[in-house]
Amino acid sequence: MLAHVDARTLRGKRDRALLLLGFAGALRRSELVALDLEDLSETDRGLDRRGREGWLDAAGMTSGPVFRAIKCGDKIQADRLTDRSVANIVKLYAGKAGLSVADFSAHSLRAGFVTSAADRNADLNRIMDQTRHRDPRTVRGYIRRADRFKNHAGEL
């Protein structure tokens, strides 16, 4: 989906940062829209340089909501995005990527992280560390295998 984001515009920079952070952090949409600049810290292994130079630097914000509404002409507003906006952004880029929009929601970022981690054989406890789940059954319910027969128990 990221290949379809026009990172030359503020809206594109914001959307790219939102998709990346939502996926990498396995965040719920409510967590994404609640983020304030004061909640972020940059470390050697944290926010990457492109994210810093992309949305945050281009927006020139120093405090308040990380993800804000943008009006025509790339004018950043003071109000934060709504959770519905996050769903619309995910659906927009899923559609641009040629995927079925009906199959995606804001929750797809979180579920996509879990599925990708499971496909890479990540330890369930490490996945739960990232998603902040307490019950492994809940996490297993998130896994949407693209190939249901990969590592199948009946495979010879």
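The values are calculated or read from the model by the stated rules, or taken from the named source; none is laboratory data. As the structure is a computational prediction, the values presented were derived from the model and not from experiment. Heads up, the Cβs are rebuilt from the backbone with ideal geometry, glycines too, and the neighbour counts pull from every protein chain shown. The accessibility values were calculated without ligands, DNA or RNA, using every heavy atom of the protein model including side chains. Shrake-Rupley method; radii C 1.70, N 1.55, O 1.52, S 1.80 Å.
Two decimals is fine: what is log10 I(q)/I(0) at q = 0.17 Å⁻¹ for the chain, from a Debye sum with one equal scatterer on every Cα and no solvent? Cα-only, vacuum Debye calculation for the chain: -1.05.
Convex hull volume per residue, computed on the Cα atoms of region 63-142, equals 139 Å³.
Surface analysis of the chain yields an accessible area of 62 Å² per residue, using protein heavy atoms and a 1.4 Å probe.
Counting 0.36 nm for each residue step from A122 to T43 and taking away their Cα separation leaves a gain of 26.1 nm. For V33, the accessible surface of its heavy atoms amounts to roughly 20 Å² (probe 1.4 Å, protein chains only, rounded to the nearest 10). Within the shell of other residues whose beta carbon sits under 14 angstrom from the beta carbon of S30, the net charge comes to +2, with Lys and Arg scored +1 and Asp and Glu -1. The alpha carbon centroids of region 76-116 and region 1-29 are separated by 9 Å.
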